[in-house]
Every structure is written in structure tokens, then in C-alpha cells.
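Notes for the one structure printed next.
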Amino acid sequence: MPHIHIEEFKEIEFPSSYDGVSFNFIADNVGHKEEKLISVTVDEDTFFLLVKDEEGKKLLKSD
């Protein structure tokens, strides 16, 4: 699973799209308060991005 460490995560309004990528919705993970899932669609593929806040750092993961 690829992942990227980012310094800042700016939330956007959902739904939203940019350059052929649709950001459908964001959901909080009730079991892990430090995690959020973003539903993304590119072309015909829909998947989730995981945003995790660990020790003041942001981690972005995808499948």
C-alpha cells in the first residue's frame, strides 16, 4: 500500500472534482479517531484514501 507523509491536510467541500478526479465523500473512522477515509473516483475506478493523523504528522495511504 503506497503512502505519503504530508505536513498539512486541507479539507475540501464534498463532493468535489478536479482534473478528472472526483472526491465523493469523507468519513470519520469511529473505531480510530485519528483516521478519515476519502472516497475517490478516477475514470471508472472508485477507491478510498486513508488520512491518518499520527503525532502531529499526516499520513496519506491508498490501496
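Values quoted throughout were computed directly from the atomic coordinates according to the rules given, and no laboratory measurement underlies them. All of these numbers come straight from a predicted model, not from anything done at the bench. Don't worry about glycine lacking a Cβ; one is built from the backbone with ideal geometry, like all the others, and counts go over all protein chains shown.
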Phi angles of the range 37-42, converted by Karplus (6.51 cos²θ - 1.76 cosθ + 1.60, θ = phi - 60°) into ³J(HN,Hα) in whole Hz with x for Gly and Pro, give 10, 10, 7, 10, 10, 10
Here the gain from full extension of Phe14 to His32, 0.36 nm per residue of separation minus their alpha-carbon distance, amounts to 4.3 nm
Percent relative contact order for the chain, counting Cα pairs under 8 Å at least six residues apart, stands at 34
Residues whose built amide H sits under 5 Å from the amide H of Glu34, excluding neighbours closer than 5 in sequence, are none
Low-density loop GluC sites (Glu not before Pro), the chain, at most 15 other Cβ within 10 Å, DSSP non-H/G/I/E/B, are Glu7, Glu8, Glu11, Glu13, Glu34, Glu44, Glu55
Of all trypsin sites (Lys or Arg not before Pro) in the chain, the ones in DSSP coil with at most 15 other Cβ atoms within 10 Å are Lys10, Lys33
